[in-house]
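Shown next, in structure tokens, is the structure this report addresses.
The values are calculated or read from the model by the stated rules, or taken from the named source; none is laboratory data. Here the structure is a predicted model, which is why all the values come from computation and not from measurement. With ideal geometry, Cβ positions are generated from the backbone for all residues, glycine too; neighbour counts draw on all protein chains shown.
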Amino acid sequence: MAIVSGFINLSLDLKNAKATTYSTSAELFKPIFYSITNGTTAGKIDLLYSATRTLTASASEDLDLSGELVDTLGQTCVFADVRMICVVASSANTNNVLVGGAASNQFINWVGNSSDIVVVKPGGILFLYTPTDPGYAVTAGTGDLLKIANSGAGTGVTFDIYIGGTSA
């Protein structure tokens, strides 16, 4: 069994100034920091899947969150819930990476309904995190497929995906 630990550290550090003068400006600094420890209670993760994946033109795949994915240590990930999803689309992509909208057995409780799709444009990032216990429940056989698709024809898409959660 793997031991998951680390940090989620995001930071917004932006300045908004009038084009005519820098004397009128507003700064935004918002650090977002979570310490991750191993476990299954609030704020903890004990499963972590990560991969760089490529889809050919117009292709899609359903990632089975309850038994198909294998982590970097060769262990099968069987999620009871998901607490983090991060999809990073390659800036070299021409097409978008689409997340969500599986035809059946959809993992959808992180969006409004089964037809919801998040569009991740080339170079873009989708990041979802909840420290709650439970996170977004995974139900084997009825609610465990996370669809990832290439938005169009002509070229493939490459993306990095990271999924963290707790074990079944």
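Looking across Val88, Val82, Val99, one residue alone is under 18 Å from Ala140 (Cβ atoms), buried (at least 18 other Cβ atoms within 10 Å of the Cβ) and under 14 Å from the mean Cα position of the chain (by Cα). It is Val82.
When residues in segment 119-153 are screened for being more than 16 Å from Ser90 (Cα to Cα) and of a type outside the set (Lys, Arg), 20 of them pass.
Take Ala19 and decide whether it is under 20 Å from the mean Cα position of the chain (by Cα), aliphatic (A, V, I, L, M), over 21 Å from Asp160 (Cβ atoms) and modelled with pLDDT under 95. The answer is no for Ala19. Contact map, segment 98-123: first residue among the aromatic types (Phe, Trp, Tyr), second residue in a loop (DSSP other than H, G, I, E, B) and modelled with pLDDT of 95 or more, Cβ cut-off under 8 Å, separation 6 or more or different chains; pairs are Phe107/Leu65; Phe107/Val138; Phe107/Asp144.
Quick grid of which residues meet (1) of a type outside the set (S, T, N, Q); (2) out of contact with any Ser or Thr (no Cβ under 9 Å at 6 or more places or on another chain):
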| residue | (1), (2) |
| --- | --- |
| Asp64 | yes, yes |
| Leu69 | yes, no |
| Thr72 | no, no |
| Gly101 | yes, no |
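When segment 22-42 is examined, which residues are found to be over 23 Å from Asp160 (Cα atoms) and either surrounded by 10 or more Cβ atoms within 10 Å (Cβ to Cβ) or not aliphatic (A, V, I, L, M) (or both)? Tyr22, Ser23, Thr24, Ser25, Glu27, Phe29, Lys30, Pro31, Gly39, Thr40, Thr41, Ala42, listed by residue number. Checking each residue in segment 154-168 for being of a type in the set (Gly, Ala, Ser) and either more than 14 Å from Tyr136 (Cβ to Cβ) or assigned to a loop (DSSP other than H, G, I, E, B) (or both) picks out Gly154, Gly156, Ser167, Ala168.
Note on segment 3-61: residues that are in a loop (DSSP other than H, G, I, E, B), more than 20 Å from Thr76 (Cα to Cα) and of a type in the set (Ser, Thr, Tyr) amount to 4.
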